[in-house]
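The values are calculated or read from the model by the stated rules, or taken from the named source; none is laboratory data. From a predicted model like this one, the values you see are computed outputs, not experimental measurements. Positions of Cβ are generated from backbone atoms using ideal geometry, with glycine treated the same way; all protein chains shown enter the neighbour counts.
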Amino acid sequence: MTDQTTKIECQNLSKIFKQRSGKVQIPVLESISLSVVENEFLVIVGPGQCGKTTLLRIIAGLETPTTGKVFLDGKEVTGPGPDRGMVFQKYTLFPWKTVMGNVEMGLKIGGMSKRQRREVASHYINLVGLQGFEKAYPHQLSGGMKQRVGIARAYANNPKVLLLDEPFGQLDAQTRYLMEQETARIWSVEKKTVIFVTNSIEEAVYLADRIVTLEGKLPGRLKSTYVVNLPRPREHIDKEFLEMRHTITKETELLL
């Protein structure tokens, strides 16, 4: 990272979910304050049910905080918008559309001409390694390929911030590793501010410029921050990589 301009600012976020009766309240996040700088790859790590997805959804504008505010480029986030692209854990592709149709959907909605959006979509389809599959439908793709389509679609819309919510959680170990490599490669080519949520410390160390951990129980609170000054591309067997993974694992007591 060279640019230290603040891109995302979370100020004292809390979130309480209420049942319909209003009698039961579940505190999910408490006092989250966090800054993310331009082109930073930030990874939020925590076990299941610690509030990390809720935090990402608040940044995306898909959830409203109970208290606190989120700012993007100094402007308060009040709802979803094209300046934030999101890749979900579950594959959110349109099953009746081809790879090309899925990737260019946002561009079509935005009014871009057919020729121009085809050029943009083709660029990102090639970038994620799916050239030759433009006419394929989601049911013809593997899990890893479906997530590549989701990543290409998010990048094609040219958001200011890319949000990824455990995007490889449903993949087998080998495919997950390959997708981590691809994510790091794509980010190195198409620099974006990225916030990536995972429960894997190893995945976090492989991808992040900086790692933020959440406590392993509700309500989610920030626990620790780690700056990852390892050269890219990274190797899981390097001494420094293993040392950082061990340090974070020991301090957070999370399972890999």
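Here the condition is being buried (at least 16 other Cβ atoms within 10 Å of the Cβ) and under 26 Å from Glu203 (Cβ atoms); of Gly46, Gly101, Gly68, it holds for Gly46 alone.
The residues in segment 219-233 that are buried (at least 18 other Cβ atoms within 10 Å of the Cβ) and either outside the structural domain of Pro47 (by TED's automatic domain parsing) or not hydroxyl-bearing (Ser, Thr, Tyr) (or both) can be counted, and the count is 4.
Specify the residue that is nearest to the chain's Cα centre (by Cα); the eligible residues are those in segment 57-111 that are part of a loop (DSSP other than H, G, I, E, B) and among the small types (Gly, Ala, Ser). Full working, then the answer.
We begin by selecting, within segment 57-111, every residue part of a loop (DSSP other than H, G, I, E, B); these are 61-66, 73-74, 77-83, 88-98, 104, 110-111.
Filter again for among the small types (Gly, Ala, Ser), leaving 61, 74, 79, 81, 110-111.
Values: Gly61: 14, Gly74: 21, Gly79: 17, Gly81: 16, Gly110: 23, Gly111: 26 Å.
Here the residue is Gly61.
Scanning segment 121-132 for residues that are surrounded by fewer than 17 Cβ atoms within 10 Å (Cβ to Cβ) and either within 14 Å of Phe94 (Cα to Cα) or not polar (S, T, N, Q) (or both) gives His123, Gly129, Gly132. Looking at Ala121, Ala154, just one residue is touching a strand residue (DSSP E or B) at 6+ places or on another chain (Cβ under 6 Å) and either aliphatic (A, V, I, L, M) or more than 23 Å from Gly81 (Cα to Cα) (or both), and that residue is Ala154. Pairing residues of segment 28-49 that are aromatic (Phe, Trp, Tyr) with residues that are part of a loop (DSSP other than H, G, I, E, B) and at pLDDT below 95, at Cβ distances under 7 Å and at least 6 apart in sequence or on separate chains, gives no pairs at all.
Has segment 23-38 got at least one residue that is at pLDDT below 95, under 24 Å from Glu251 (Cβ atoms) and among the basic types (Lys, Arg)? Looking through segment 23-38, none of the residues is at pLDDT below 95, under 24 Å from Glu251 (Cβ atoms) and among the basic types (Lys, Arg). Take the conditions (1) crowded, with 20+ Cβ neighbours inside 10 Å; (2) in contact with a helix residue (DSSP H, G or I) (Cβ under 9 Å, 6 or more places away or on another chain); Arg118 misses just one of them, which is (1). Does Gly216 count as within 15 Å of the chain's Cα centre (by Cα) and not assigned by TED's automatic domain parsing to the domain that holds Leu141? Answer is no for this residue.
From the list Lys135, Lys146, Lys160, exactly one residue is surrounded by 16 or more Cβ atoms within 10 Å (Cβ to Cβ) and either touching a Ser or Thr at 6+ places or on another chain (Cβ under 7 Å) or β-branched (Val, Ile, Thr) (or both). Which is it?
Values: Lys135 fails: surrounded by 16 or more Cβ atoms within 10 Å (Cβ to Cβ); Lys146 fails: either touching a Ser or Thr at 6+ places or on another chain (Cβ under 7 Å) or β-branched (Val, Ile, Thr) (or both).
Among Lys135, Lys146, Lys160, only Lys160 is surrounded by 16 or more Cβ atoms within 10 Å (Cβ to Cβ) and either touching a Ser or Thr at 6+ places or on another chain (Cβ under 7 Å) or β-branched (Val, Ile, Thr) (or both).
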